[in-house]
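The values are calculated or read from the model by the stated rules, or taken from the named source; none is laboratory data. All figures in this text were calculated on a predicted structure; none of them were measured in a lab. Neighbour counts are summed over all protein chains in view; Cβ atoms, including those assigned to glycine, are modelled from backbone coordinates with ideal geometry.
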Amino acid sequence: MTNAYLCPRHGLFEVSAAEDSIIHLDSGRYWRSWQGKWYCQHQQVESLRAEIFAALDHLYHQGFHATGITLAQRYQDLVTPYVESGSDWFRQIYYGKQRLLGLPLTFQPDTQTGSRWQVIAFELAKHLGAPKTYSYFICTRMNEESRK
């Protein structure tokens, strides 16, 4: 059994009986709840990349920098065409592993198959301080001075 809710701004949503998932009926996007927080369940790589960009930008503006991405196993097939792998000998030696958005990429460990990774999409490894090079520059916020 489901309940439907009409949001005047976003349209019609359907909520499952267990109330652990919400579906936006116009777009087909859906979210699942884990420990009181809602996580988007991505169907397209662009929405996943947009969420990662937003998280990177948020980290940067909190004074952290990302050092790696751990992605849920269920997205491996979705992101494989977009992974920066060692296509030439220099990249294989220099990077040594797959990268996504310039950051080392790992997938959820096989030992962690619990419900947490069935809901969340990714985690960012982070360190305090500004990065030496801001390799994910695409998602930076523009300040007032750079707009002039």
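Candidates in the range 42-52 are the residues that are within 12 Å of F122 (Cα to Cα) and of a type in the set (D, E, K, R); of these, the one that is surrounded by the most Cβ atoms within 10 Å (Cβ to Cβ) is R49. Within the range 26-35, one or more residues are under 27 Å from L71 (Cα atoms), in contact with a Phe, Trp or Tyr (Cβ under 7 Å, 6 or more places away or on another chain) and either hydrophobic (A, V, I, L, M, F, W, C) or surrounded by 15 or more Cβ atoms within 10 Å (Cβ to Cβ) (or both).
Residue pairs whose Cβ atoms lie under 9 Å apart, sitting 6 or more positions apart in sequence or on different chains, and linking a residue in the range 45-67 that is closer than 27 Å to D77 by Cβ to a partner that is basic (K, R) and part of a strand (DSSP E or B), are L59/K126; A66/K126; T67/K126. Against the definition (closer than 23 Å to A4 by Cβ and not small (G, A, S)), how does Q43 come out, yes or no? In short, yes.
Here the range 47-80 is the region considered, the condition is being hydroxyl-bearing (S, T, Y) and farther than 17 Å from G129 by Cα, and the residue that is farthest from the chain's Cα centre (by Cα) is T80.
The set of residues in the range 53-73 that are in a loop (DSSP other than H, G, I, E, B), loosely packed, with under 15 Cβ neighbours inside 10 Å and among the small types (G, A, S) contains only G63. Entry remark, the range 74-85: residues being of a type in the set (F, W, Y) and surrounded by fewer than 15 Cβ atoms within 10 Å (Cβ to Cβ) number 1 in total.
Filtering the range 74-113 to residues that are part of a loop (DSSP other than H, G, I, E, B) and at pLDDT 70 or above leaves V83, K97, Q98, L101, G102, Q108, P109, D110, T111.
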